[in-house]
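Heads up: the structure comes next, in structure tokens.
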Amino acid sequence: MTSLLHPLSPTSFDARESAASGTDKKDIRQFIFAPENLMQYGIGALQALSSVQSAIASAHKPFSGTSVDSLSQQIAQIDLSTPLSSLNDVMSEVNDIYLKHAVYFHHPHYVAHLNCPVVYPSVIAEQVLSAVNTSVDTWDQSGGATLIEQKLIDWTCDKVGFTASHTSQPDGIFTSGGTQSNLMAMLVARDHAISRVAPNWNAKHDGLPEVTARFKIFTSEKSHFSVQKAAALLGLGYNAVIPVPVDQYYKMDTQALEQLISSTLNEGNIPIAIVATAGTTDFGSIDPLSDMANIASRHEAWFHVDAAYGCGLLLGTHKEACLQGIEHANSVTVDYHKSFMQPVSCSAFLLQDRTHFSHISHHAEYLNPLSDADAGIPNLVDKSLQTTRRFDALKLWMSLRTIGETEIGQGFEAARILARQTFMLLSEDEHFETLHAPELTTLVFRYVPSEYDLTNQQLDEINQSIRDTLTGQGQIMIARTKVNGHYYLKFTLLNPATELEHMRHIIQAIKLAGVQATNNHLPSALSAADQNT
Ligand SMILES: *Cc1c(COP(=O)(O)O)cnc(C)c1O
């Protein structure tokens, strides 16, 4: 194994000598990621790799089931001012406080939140990009990394269907996640609207003009909370966001949208943006993108599509059918860490017309002077809210180059098929109430012991107790949500290795926990419930 490592030249560091002679005295120079320490790095990396391998291999359930109390006591006892004697000891401590009690998304019984299992070429890419520690803010800190990121952005714009014309060119930037991408979208929408209704106002210099108090953003009541959060951060406030009702499929009701826009206009307010969700977090529903694009263009409103989750469809054969209209968006959010099996963080914000990045750009003389832009030197910081920024693009790059885009798309498609099959299982079972046929890979449902006539409040307690029981055991991780104020259970399927058999097992476990929960809530009905076990 050592033969794989670069041969080391002798070093004159005192620290290395003292380490070799067995004294504990440490010197920071021993730990710098540099040629003289590559041997120690190699040893440490192999130890860590072996700990991760055994943690994954022995994760027989997605979660240990540990309680907050017991783990926080363990962590509280650690004295951060006294380091352990070796990296090996540190790894073993990390094993106790982290690896043993982590939540494992690769486990087929993890069907809770929008967390995907990751492909290992992207994990290897993580090691490469953090070792080199490139920052993709400027060309002079990144070299080729900037061009690699740009090529992936161009590729994603192409998948979305953005095309260049003689007046505009699509562009984008990697972000920390959908939350940041949605914030950027709302920022550009706000400043674009300012430039339209108050053309002499310079918002970058002078802040918000009074007219922004009349700005309104329309998004469905099932859209992601980051839209509201962005409005608050941008000085427009939660109340600037008008929630639009959804239809029976949890998609935006566009008639309601039109009505809400007319009343907004009647009140003297200004509709600045319409935000569609392509894959709502709870229901996976996709808003009617083409209709919304038309409505937005009629009102000169910005049209943003939040495809943080639904972007998984971009690589599959159902893209045309499901995402039709996304190509008319002014901006799009995609989360590779939701639906492309990439590790957190790996996301992007895309613009149909790159000139709108001017609302974000700031030229600092020391970093990205305008003269660079004029000379054609690409400084991605011109398009980003962040300055120092990780080279997350390498993960997607290495995945595409190793596995292929079609194959990555098939992973998402497998989860969609499983969601439909699971829906059939639940709808055939009288003990479950389902709310929707899945369009993507989530399923919202609740356990309803059909032998009793229970109130919604009793059902809330029973379903909550089912989830608490399962989480406490750690064998099966499911999510929950509220629909019309009531407690529902939720599956999010993103793991192509989860099969129908796993889902049968999970459903059985939910029913078993459901019977127990019903017994606990209705002691008098105990014997009747037992008969139905
Ligand atoms: C998850 C999600 C977001 C937020 O993305 P992060 O990457 O978690 O910041 C935004 N919109 C939708 C629809 C999501 O599902």
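The values are calculated or read from the model by the stated rules, or taken from the named source; none is laboratory data. Just so it is clear, the structure is predicted and the values come from calculations on it, not from any experiment. Neighbour counts run over all protein chains shown; Cβ positions are idealised from the backbone, glycine included. The area values use the complete protein model at the heavy-atom level, side chains included, leaving out ligands, DNA and RNA. Shrake-Rupley method; radii C 1.70, N 1.55, O 1.52, S 1.80 Å.
Assorted remarks:
- Restricted to helices (runs of 4 or more DSSP H) entirely inside the stretch 1-78, those with at least 2 residues that are among the charged types (D, E, K, R) and at pLDDT below 95 are 14-20.
- One residue from Cys322, Cys311 being surrounded by fewer than 24 Cβ atoms within 10 Å (Cβ to Cβ) and within 16 Å of the ligand (Cβ to nearest atom): Cys322
- Residue selected from the stretch 335-344 under the condition near the ligand (Cβ under 10 Å from one of its atoms) and open to solvent by less than 30 Å² (accessible area, probe 1.4 Å), by the criterion nearest to Asp306 (Cα to Cα): Asp335
- Any hit, the stretch 285-305, residues being touching a residue at least 40 places away in the same chain (Cβ under 8 Å), on the phi < 0 side of the Ramachandran plot, within 16 Å of the ligand (Cβ to nearest atom) and open to solvent by 10 Å² or more (accessible area, probe 1.4 Å): no
- Which numbered condition Ala276 fails, given (1) within 16 Å of the ligand (Cβ to nearest atom); (2) open to solvent by 20 Å² or more (accessible area, probe 1.4 Å); (3) in contact with a Ser or Thr (Cβ under 9 Å, 6 or more places away or on another chain): (2)
- Qualifying residue in the stretch 195-215 (condition: assigned by TED's automatic domain parsing to the domain that holds Thr146, within 25 Å of Ala278 (Cβ to Cβ) and away from the ligand (no atom under 16 Å from the Cβ)): yes
- Counted residues, the stretch 205-223 - those being outside any helix (DSSP H, G or I) and either basic (Lys, Arg) or surrounded by fewer than 23 Cβ atoms within 10 Å (Cβ to Cβ) (or both): 6
- Members of the stretch 361-389 that are part of a loop (DSSP other than H, G, I, E, B) and either crowded, with 20+ Cβ neighbours inside 10 Å or in contact with a Gly (Cβ under 9 Å, 6 or more places away or on another chain) (or both): Asn368, Asn379, Ser384, Arg389
- Of the residues Phe391, Phe357, the single one that is of a type in the set (Phe, Trp, Tyr), modelled with pLDDT of 95 or more and either closer than 30 Å to Asn495 by Cα or within 16 Å of the ligand (Cβ to nearest atom) (or both) is Phe391.
- Number of the exception - Glu149 against (1) open to solvent by 40 Å² or more (accessible area, probe 1.4 Å); (2) in contact (Cβ under 8 Å) with a residue 12 or more places away in the chain; (3) more than 15 Å from the ligand (Cβ to nearest atom); (4) in a helix (DSSP H, G or I): (1)
- Of all residues making up the stretch 161-176, the number that are farther than 14 Å from Arg354 by Cβ and buried (at least 21 other Cβ atoms within 10 Å of the Cβ): 2
- Looking across the stretch 427-460, just one residue is surrounded by 16 or more Cβ atoms within 10 Å (Cβ to Cβ), assigned to a loop (DSSP other than H, G, I, E, B) and either among the polar types (S, T, N, Q) or not assigned by TED's automatic domain parsing to the domain that holds Leu522 (or both), and that is Thr441.
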